[in-house]
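J.: The following block contains the structure, expressed as structure tokens.
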Amino acid sequence: MEKQIIQRVEILTPMAGEAPSSSMSSLASEICSHIASIFSKPTEPHPPPLDLMVTTLSATASKNGRIFLYGVGREGLMLKGLCMRLAHLGLSTHFIFDMTTPPIAPNDLLIASAGPGGFSTVDALCSLARSYGAKVLLLTAQPETGSCVEHASVVCYVPAQTMANDKVEDEAHSRALLPMGSVYEGALFVLFEMLVYRLGDVLGQSPEAIRNRHTNLE
């Protein structure tokens, strides 16, 4: 087993003077280009996801509504990062299942992600949020067939590969650089960074004010 690992590393490591086709910079460029291409894909009849999120979040902020977030797995990790940055923007944000998460109310917004279209936990939470009068913004790559769409007030379409469509016909190229839902998850990270940048302007938040809200208990 150890010999196989060493052989694999030798294959992936360019020799001196050899073109670094698998170097860090080329791999990084390929990954970033793939993720960037997601944002040039058409989303009709759904509005562009960035515009939709800026509009929905600024409307919630104008009503002093709170923002709740939830996602499973790596999608959830992207949403946890967004939760942190929204707090830095001065918004009241809560990740569901944290011990300090308050009850949701009519002026509030739930941002949930279901890349492949549906998860039982996300379905249930979106349905509960709607039953309490809150608005639900759903991020998904399957806006037409996903079960979570039934509970969404706003559908934010991110046209990226997830585990719902990660199969490839050519087995010789089955080991994708970004496997399973990595394209969608990477696209969420980039989308959220664009969102934070735009919201900072909309909400009139200076870089200094945003920085001052970062925790000092580190």
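J.: Which of these, Cys148, Cys83, Cys32, has the largest mean-square fluctuation under a Gaussian network model of the chain (Cα springs below 10 Å)?
T.: Cys32
J.: Then there's this: With the convex hull built on the Cα atoms of region 50-109, state its orientation-averaged projected area in nm².
T.: Details: hull surface 17.0 nm².
With every direction weighted equally, the projected area is 4.2 nm².
J.: Of the candidates Glu75, Glu193, Glu185, which one comes out as most mobile in a Gaussian network treatment of the chain with C-alpha springs shorter than 10 Å?
T.: It is Glu193.
J.: Which of these, Leu138, Leu203, Leu178, has the largest mean-square fluctuation under a Gaussian network model of the chain (Cα springs below 10 Å)?
T.: The residue with the greatest mean-square fluctuation here is Leu203.
J.: So if a site counts as exposed when it's one of the trypsin sites (Lys or Arg not before Pro), its DSSP state isn't H, G, I, E or B, and it has at most 16 other Cβ atoms within 10 Å, what's the longest stretch of the chain without one? If you can, show how the numbers build up before the last one.
T.: On the way: sites that count: Lys63, Lys167, Arg175, Arg213.
It works out to 64-166.
J.: Taking the alpha-carbon set of the chain, what are its Rg and Dmax in Å?
T.: Here Rg and the maximum Cα pair distance are 19.8, 64 Å.
J.: So between Met84 and Ser23, what do we pick up on full extension, going 0.36 nm a residue minus the alpha carbon distance? Numbers along the way, then the final one.
T.: Working: separation 61, 0.36 × 61 = 21.96 nm, distance 3.26 nm.
Once the chain is fully extended between Met84 and Ser23, it gains 18.7 nm.
J.: Right, another one. In percent, what relative contact order does the chain have, based on Cα pairs under 8 Å that are 6 or more apart in sequence? Write out the running numbers ahead of the final one.
T.: On the way: 310 pairs, mean separation 45.1, N = 218.
For the chain, the relative contact order is 21 percent.
J.: Further question on the same structure: Can you work out the base-10 log of I(q)/I(0) for region 121-161 at q = 0.19, 0.25 1/Å, using the Debye formula on its C-alpha atoms alone?
T.: After summing over all Cα pairs, the log10 values are -0.49, -0.78.
J.: Next up: Probe radius 1.4 Å, ligands and nucleic acids ignored: give me the carbon and sulfur share of the accessible area of the chain as a rounded percent. Walk me through the numbers before you get to the answer.
T.: Numbers: 7340 of 12730 Å².
C and S fraction of accessible area: 58 percent.
J.: Between the helical axis of 182-202 and the dominant principal axis of the chain, each derived from Cα atoms, what acute angle in degrees is found, rounded to the nearest 10?
T.: So the inclination is approximately 40 degrees.
J.: How much length, in nm to one decimal, is gained on full extension between Thr101 and Ser131, taken as 0.36 nm per residue of separation minus their Cα-Cα distance?
T.: Working: separation 30, 0.36 × 30 = 10.80 nm, distance 1.74 nm.
This chain segment gains 9.1 nm when fully extended.
J.: Keeping all protein chains in place, calculate the accessible area per residue for region 80-151 (probe 1.4 angstrom), answer in Å². All intermediate terms of the calculation are to be shown ahead of the outcome.
T.: Details: 3190 Å² over 72 residues.
Each residue of region 80-151 exposes 44 Å² on average to a 1.4 Å probe.
J.: Angle between the Cα long axis of helix 73-88 and the longest principal axis of the chain, 0 to 90 degrees, nearest 10?
T.: 50 degrees
J.: For n ≥ 4 DSSP H runs only, could you compute -39500 (n - 2.57) per run for the chain, divide by its residues and tell me the 222 nm figure to the nearest 500?
T.: Numbers: 7 runs with 95 residues, N = 218.
It comes out at -14000 deg cm²/dmol, rounded to the nearest 500.
J.: Sticking with this structure for a sec: Plugging the Kirkwood radius over Cα pairs into Stokes-Einstein for region 108-215, at a temperature of 4 °C and a viscosity of 1.567 mPa s, what D comes out in µm²/s? Could the numbers behind the result be given before it?
T.: On the way: Rh = 15.7 Å.
Calculated translational D: 83 µm²/s.
J.: Using only the alpha carbons, work out the radius of gyration and Dmax of region 87-139 in angstrom.
T.: Both quantities, over Cα of region 87-139: 11.4, 31 Å.
The values are calculated or read from the model by the stated rules, or taken from the named source; none is laboratory data. Keep in mind it's a predicted model, so treat the numbers as computed, not measured. Glycine also receives a Cβ, built like all others from the backbone with ideal geometry; neighbour counts cover every protein chain displayed. Calculation scope for accessible area: heavy atoms of the full protein, side chains included, ligands and nucleic acids excluded. Shrake-Rupley method; radii C 1.70, N 1.55, O 1.52, S 1.80 Å.
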